[in-house]
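Working notes for the structure below.
The values are calculated or read from the model by the stated rules, or taken from the named source; none is laboratory data. Computed from a predicted structure; not experimentally measured. Here the Cβ positions follow ideal geometry from the backbone for every residue, glycine too, while neighbour counts run over all protein chains shown. Accessible surface is based on the protein model in full, side chains and every heavy atom, while ligands, DNA and RNA are left aside. Shrake-Rupley method; radii C 1.70, N 1.55, O 1.52, S 1.80 Å.
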Amino acid sequence: MFSKRTLFAAPLALLLLGAAMAQPTSAPPAQDSSVYVVSYIEVAPQAHDAAAGLLRQLANAGRKDEGNARFEILQRTAPSNQFAIVAIWKDQNAYDRYAGAPHSKEFRQKISPHLISAIDDRLHSGLIAPASTSQNVPGTVQVITHVDVPPPKKDECIVLLRALSDASRKENGATRFEIFQQASRPNHFSVVEIWKSQDAYEAHITATHTRQFREQLTPMSGALYDERLYRAM
């Protein structure tokens, strides 16, 4: 025999189950298929002007390519014969089309006689992807830092990098603070920053959260902390 309470509870449970099933389910977050590329170019000291001209031509053409979301060229403050390209592509196919495009091949052919080292292209995923469409404007301080830890320390390093990014983005002088994770070596990272001024950059590197990050990172680092300052071209 069923009690009145049981007879009442059964249809109520069915009613609640039906209501829950009718609720729209949230779609899973879209996966970021973008390719984040940092390329390092080093030419002979006397060729830095020629290299800058070739890089500007490449950037003008690359920004018109389908699937390009960012194409920035930077010149290191010292030594000035070192350059970097920071580019974002919609997906791997878009990057592959750019890499095989005539203007890309022509650039590499023309700059080849000036190189003192092979062009170092590093492809990444966006660990901490762009938070805004901040523009790379003259007068700002551009920073690219390569962070390298042994594979067993990868996850621990990611926790530190996320904490650093969260704190750094709240600084008054921060214009951009992004972290890319290298595709071929996921224990390698590129930290891409823009600061409004030299004073803003110096305030950042002496901030408590930056010092704490460096203190915690150093014991696990697989290489020297490679921080490079650039200017926008």
*Grab the Cα-Cα distance for ASN60 and GLU106, subtract it from 0.36 nm times how many residues apart they are, and report the gain in nm with one decimal.*
15.2 nm
*Euclidean distance between Cα centres, the stretch 185-233 to the stretch 141-173, Å*: 7
*Which value, in nm² and rounded to one decimal, describes the direction-averaged projected area of the C-alpha convex hull of the stretch 82-147?*
6.3
*Regarding the stretch 62-182, what are the three Cα extents along the principal axes, ordered largest first, in Å?*
42, 35, 30
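Determine the share of the stretch 174-217's accessible area contributed by carbon and sulfur atoms, expressed in whole percent, with a 1.4 angstrom probe.
Accessible surface attributable to carbon and sulfur in the stretch 174-217 totals 44 percent.
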*Using a 1.4 Å probe, how large is the accessible area of ASP199, given in Å² and rounded to the nearest 10?*
110
*Area of HIS103 that stays accessible when all protein chains are in place (1.4 Å probe, Å², to 10)*: 50
_If you filter the stretch 109-183 for trypsin sites (Lys or Arg not before Pro), then keep DSSP loop positions with at most 16 other Cβ within 10 Å, what is left?_
ARG169, LYS170
